[in-house]
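The values are calculated or read from the model by the stated rules, or taken from the named source; none is laboratory data. On a predicted model such as this, the values are computed, not experimentally measured, just so you know. Virtual Cβ from ideal backbone geometry, glycine too; neighbours counted across all protein chains shown. These area figures cover heavy atoms from the full protein model, side chains too; ligands, DNA and RNA do not enter into them. Shrake-Rupley method; radii C 1.70, N 1.55, O 1.52, S 1.80 Å.
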Amino acid sequence: MPDKIAARFGVFLVWALIFGPHGLVFLDVIQRVEAAAPAIVNYQGRLEGASGNLQGSSAGTDFDFKFSIWNSSSTSAGSRLWPSSAPASTTHKVTKGVFDARLGDTAQGFSLLDLDFNTSSILYLQVEVYNTSTAAF
């Protein structure tokens with residue numbers, strides 16, 4: 001019997017939020033929160049050496065990366081759209097060539113991804129990897 005009461009209450013609650021006098025206000029607040037939330041783009045890549053061999057051990061090896069988004073395939077001809085200043089270096093574990101980065105995730109050291117993906121039809125992701133041999137990205 002309590003399960004039936006809970007189920008009825010749940011249906012009423014949904015009805016009240018959608019059709020009640022304050023339902024539209026509540027839904028509007030949810031829409032604003034979703035629109036204001038920063039985007040996080042999951043990017044998974046494969047890292048190979050110059051001879052095509054996969055980088056990183058089976059246990060995983062840390063590599064330093066820099067990620068940026070551009071409006072042109074050539075950084076000399078285009079503009080960096082994200083981040084607004086030079087990208088920070090972030091460390092990601094590479095396991096048998098595979099790495100994963102959550103662009104825009106401040107917990108991983110990225111700037112907020114406040115780029116409006118609806119304003120550009122083509123965007124380019126630049127991925128730089130630190131080379132320990134040359135001590136440069």
Quick one: in segment 80-110, which of the residues that are among the aliphatic types (A, V, I, L, M) and open to solvent by 20 Å² or more (accessible area, probe 1.4 Å) is farthest from GLN126 (Cα to Cα)?
ALA107
Those residues of segment 47-62 which are open to solvent by 40 Å² or more (accessible area, probe 1.4 Å) and touching a Leu at 6+ places or on another chain (Cβ under 9 Å) amount to GLU48, LEU54, GLN55
Apart from one, (1) closer than 17 Å to ALA39 by Cβ; (2) without any contact (Cβ under 8 Å) to a residue 12 or more places away in the chain all hold for ALA77; the odd one out is (1)
Determine whether segment 65-79 contains at least one residue that is open to solvent by 60 Å² or more (accessible area, probe 1.4 Å) and either at pLDDT 95 or above or of a type in the set (Lys, Arg) (or both).
no
Cβ pairs under 7 Å, 6+ apart, first in segment 90-118 and at positive phi, second part of a strand (DSSP E or B) and not basic (Lys, Arg)
LYS96/LEU54; GLY97/GLU48; GLY97/LEU54; GLY104/ALA39; GLY104/VAL41; GLY104/LEU113; GLY109/THR90
